[in-house]
Ligand SMILES: C[S@@+](CC[C@H](N)C(=O)[O-])C[C@H]1O[C@@H](n2cnc3c(N)ncnc32)[C@H](O)[C@@H]1O
C-alpha cells in the first residue's frame with residue numbers, strides 16, 4: 001500500500017490539539033508520514049510513542065534520528081498501556097492509528113481498541129483511518145462518540161474516524 005497522502009495526513013491531524021498534548025501514541029507509522037507531521041506540530045514537552053510491528057519499517061524509522069522525546073517501540077499495538085507506563089505516564093491524550101483494523105482477527109481488533117480506550121485520558125481522542133466502513137461498528141461500540149470524515153485525495157480514498165472516550 002502506498003504511504004498516506006498529505007491530504008489524508010491533514011484530515012487525521014489538523015483538528016487535533018497536538019501542541020498541547022503531553023503524551024501522544026502513534027500506532028502503525030509505516031514509513032513515518034504522520035510521524036514527521038506530528039513531530040513538527042508537537043510541543044517541546046510532548047512525548048510521542050510510536051509503535052510499529054513490522055521489522056523493515058521499524059528499522060527504517062530508527063535510522064531517521066528523531067528527537068529524544070520520540071520513543072520507538074518495536075512491538076504490537078495492544079501493548080499500548082505498557083509503553084505509556086514505560087514513559088512514566090498512565091494515559092495518552094491522543095492516539096493516532098493507521099492500523100489495518102479491517103483485516104485484523106476480531107480478537108486482536110477488540111484488544112487493540114479496548115487497550116486504546118483504557119489508556120486514553122478522559123478528554124482524549126482516538127483517531128483512525130481506514131479504507132472502508134467495515135470497522136465503523138466496532139469503533140461505535142467502543143467509544144462514546146465517533147465522528148466520520150472522508151478524503152478522496154488519497155490512494156485508496158480513506159475514511160477518518162475521530163473517537164472520544166466520553
Ligand atoms: C496502512 S499502513 C499505514 C502506514 C502509515 N501510517 C501511512 O499512513 O502511510 C499500517 C501500518 O500498521 C502496521 N501494523 C500492522 N499491525 C500492527 C500491530 N499489531 N502493531 C503495530 N503496528 C502494526 C503495519 O506494519 C503498517 O506499518
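Conditions (1) in contact with a strand residue (DSSP E or B) (Cβ under 8 Å, 6 or more places away or on another chain); (2) over 24 Å from residue 115 (Cα atoms), marked per residue:
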position	(1), (2)
7	yes, yes
17	yes, no
24	yes, no
30	no, no
37	no, yes
43	no, yes
47	yes, no
For segment 71-100, pairs from a residue that is more than 17 Å from residue 128 (Cα to Cα) to a residue that is surrounded by 15 or more Cβ atoms within 10 Å (Cβ to Cβ) and at pLDDT below 95, with Cβ under 9 Å and 6 or more apart or across chains, are 71/87
Of all residues in segment 94-108, which are over 23 Å from residue 2 (Cβ atoms) and surrounded by 13 or more Cβ atoms within 10 Å (Cβ to Cβ)?
-> 94, 95, 108
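The values are calculated or read from the model by the stated rules, or taken from the named source; none is laboratory data. Not measured: the values here are computed from a predicted model. Here the Cβ is made from the backbone with ideal geometry for all residues, glycine too, and neighbour counts use every protein chain on show.
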